Amino acid sequence: MDYLRLKGMGVSPGISIGEVRLAEKVTFTTRKETVPDDQVKKEVERVRKAFQRTREQLSEIKDQIKEKMGKEHSFIFEGHMLMLKDKSLTSSIENIIRNEKSRAEWAISQVHNKYKNLFQSIKDEYFRQRMSDVSDVLFRVTKNLEQLPTEKKDDGKEKILVAHDLLPSEAATRLSKGNVLGVAMDMGGETSHTAILSRSLNIPAVVGLRDVSQKLKDGDQIIVDGTDGEVIVNPPPAIRKEFVSKQEKYNYYRYELRETAKLTSTTLDRVKFTPLANIELPEEVSMAFSLGAEGIGLFRTEFIYLQSSSLPTEEDHFSIYSQVAKEAYPYPVYIRTVDVGGEKNLPQLKIEKEPNPALGLRAIRLTLHNRDLFRVQLRAILRASVNKNVKILIPMITEVEEIGEVKIILDEVKEELRKEKIQFDENISLGAMIEVPAAAAITDILAKEVDYLSIGTNDLIQYYLAADRSNELVSYLFKPLHPSVVRLIRFVIESAQKEGKEITLCGEMAANPLLAIILLGFGLKQFSMNPIFIPKVKKALRAVEYKKVKKIVQKAMNLKTAQEIEEYIIENILVEHPKAILMGKITS
Ligand code: PEP
Ligand code: MG
């Protein structure tokens with residue numbers, strides 16, 4: 001293979017240089033093989049045995065991963081075990097065998113296709129990625145029909161792993177061996193297990209490379225640049241040298257950021273601020289704290305609903321929440337009740353397709369329509385709150401009546417627990433997300449009804465500017481510095497503070513150092529973001545003087561456009577606080 005450069009998506013920063021280790025491609029059979037009538041029973045038996053073997057195998061892997069990497073990384077296997085227990089999964093496979101008189105391999109591949117079609121229709125990237133868990137379990141079961149080894153043995157040497165796609169269990173077992181220098185994959189996205197795991201283990205990774213696994217073979221030399229999302233195959237000496245020096249610079253930069261994590265979160269004039277982490281999986285907690293998080297400001301709970309084709313039980317929720325709460329203790333964990341509906345559809349609820357999902361039965365609207373679902377989650381959150389570091393966060397509040405309804409249900413659930421003599425935090429905080437412009441406009445009214453508020457700018461901006469957050473065609477309009485957006489956010493922050501209520505911002509906006517400085521100027525002190533951005537934001541906020549920023553931001557509020565505001569802030573911050581800019585890449 002000649003020298004070649006491939007562009008993908010960098011999902012875990014850093015640079016690795018080394019030899020390729022090619023992972024086997026996961027495939028399901030496309031050949032339908034039928035069996036005579038008298039063998040149907042045998043095929044069903046094969047499936048049952050394969051499920052049993054898979055259960056035993058997963059429980060073994062789970063224990064190994066727990067030992068090597070900690071309990072948080074073994075959670076995915078618990079999800080997989082739940083899937084295996086799911087009666088509807090086994091019965092749909094067995095039904096195909098019986099009805100079509102087919103071999104078990106074919107039946108499993110048909111069920112796999114059914115799920116694949118279902119997941120492909122989901123617009124949300126994060127939800128779509130969870131299909132890999134279904135593939136993982138079904139692939140393992142298929143292999144266990146014949147008792148084939150599930151993984152190619154490796155020689156233990158440090159190499160770069162190249163794959164078409166890595167199943168979550170494969171990613172966990174391979175990456176935990178400590179001999180993976182980097183990862184390059186054809187498939188994958190920002191929120192795939194491989195991406196999350198690579199980030200938390202500091203392994204550079206590039207995904208979405210389309211056909212890298214077909215182009216490469218074992219032993220090829222490659223460079224994985226997870227910072228710029230590039231893979232360089234068989235680099236000539238000059239290019240290799242360039243990347244070795246880039247690797248050194250990056251390692252120093254990372255060292256500096258890690259050092260920042262240990263410093264206090266205060267501005268130059270000693271005003272305290274709090275960096276918090278947004279997480280989607282329990283596996284992310286330890287990484288968040290190592291990067292300087294002082295709590296989990298937003299725990300998105302949607303993934304729990306995707307681990308099984310039936311709805312999760314109270315125990316499923318509870319084991320996850322209590323684990324996260326324990327790991328974060330004494331720092332707080334803001335658990336957001338499920339934000340599904342709209343385009344993040346749950347197959348288990350069989351909700352009809354809506355003409356305008358973003359404006360439909362989403363988040364709190366959906367849970368108030370499915371109160372049993374809501375109660376199960378609230379009970380589990382309450383039970384996980386015994387150590388008093390758990391808070392409840394309600395997404396997509398539009399009007400004060402919804403808070404009233406939530407409180408009635410919460411009180412009923414609390415009463416149930418008291419009767420059952422189950423302990424929980426009697427004074428658990430209840431907060432509302434400000435994501436709908438109508439809610440923003442009545443912040444003062446809402447603030448009186450809740451213990452705290454959290455601004456979700458990803459949705460607030462899309463609804464305020466009528467610009468779909470995931471539509472590239474209108475992304476030019478999605479401007480956090482649009483004068484009406486900044487005025488609205490300032491109003492929300494000031495109104496909450498006037499009511500003496502805690503206020504956090506947990507949209508992407510908080511992850512951008514320049515925007516975080518502006519938010520600080522509005523008086524915001526709690527910033528919740530994807531943990532990888534915490535060091536950068538913390539460094540920027542530590543480099544400014546709160547009083548001066550307040551004045552500069554105040555003046556910028558009379559400007560007419562987002563661009564004028566940005567330029568004004570940069571010019572003035574640069575004069576007042578050269579360090580905030582000199583730390584580099586201030587606008588991320
Ligand atoms: C938001 O809308 O800003 C938010 C944090 O919630 P999500 O991104 O999960 O919709
Ligand atoms: Mg939102």
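For Thr301, the residues whose modelled amide H falls within less than 5 Å of its own, excluding neighbours fewer than 5 places apart on the same chain, are Arg336, Asp339.
Pairing the Cα long axis of helix 371-383 with the longest principal axis of the chain, what angle in degrees results, from 0 to 90 and rounded to the nearest 10? Taking the Cα atoms of the chain, the angle to 371-383 is about 80 degrees.
With 0.36 nm allotted per residue and the present C-alpha distance subtracted, the Glu576-Ala238 stretch has 117.6 nm of extension available. Over segment 60-155, the hull volume per residue, using the convex hull of the C-alpha atoms, is 128 Å³. Computed on segment 422-473, the Cα convex hull volume stands at 89 Å³ per residue. For segment 271-380, the set of trypsin sites (Lys or Arg not before Pro) satisfying both a DSSP loop assignment and a count of at most 12 other C-beta atoms within 10 Å is given as Lys350, Lys353.
Listed cross-link partners Lys62/Lys157; Lys42/Lys114; Lys85/Lys326; Lys479/Lys555; Lys25/Lys353; Lys32/Lys68 are compared with a 30 Å cut-off, the Cα-Cα value being larger for Lys25/Lys353; Lys32/Lys68. Partner aspartates and glutamates whose Cα lies under 18 Å from the Cα of Lys116, excluding those fewer than 8 positions away in the same chain, are identified as Asp86, Glu105, Asp124, Glu125, Asp133, Asp136, Asp165, Asp186, Glu343.
Counting Cα-Cα pairs of segment 272-532 in 5 Å increments starting at 0 gives whole-percent bin shares of 1, 6, 13, 18, 20, 18, 14, 7, 2, 0, 0.
How much of the accessible area of the chain, in percent, comes from carbon and sulfur atoms when a 1.4 Å probe is used? That share works out to 51 percent. Phi-derived couplings, Karplus 6.51 cos²θ - 1.76 cosθ + 1.60 at θ = phi - 60°, listed residue by residue for segment 123-128: 7, 6, 4, 4, 5, 4 Hz, with x used for Gly and Pro. The H on the amide N of Glu230, modeled in the peptide plane, is under 5 Å from the matching H of Gly8, Asp225, each at least 5 residues off or on a different chain. Its residues counted as N, the chain yields a C-alpha radius of gyration over 2.2 N^0.38 Å of 1.01.
Fraction of C-alpha pairs exceeding 18 angstrom in segment 180-273: 56 percent, rounded to a whole number.
In order along segment 166-178, phi translates into HN-Hα couplings of 10, 5, x, 5, 5, 4, 5, 5, 5, 5, 7, 6, x Hz, rounded to whole numbers, per the Karplus curve 6.51 cos²θ - 1.76 cosθ + 1.60 with θ = phi - 60° and x for Gly and Pro.
The values are calculated or read from the model by the stated rules, or taken from the named source; none is laboratory data. Here the structure is a predicted model, which is why all the values come from computation and not from measurement. Virtual Cβ from ideal backbone geometry, glycine too; neighbours counted across all protein chains shown. Quick note on the areas: whole protein, heavy atoms, side chains included, nothing else; ligands and nucleic acids left out. Shrake-Rupley method; radii C 1.70, N 1.55, O 1.52, S 1.80 Å.
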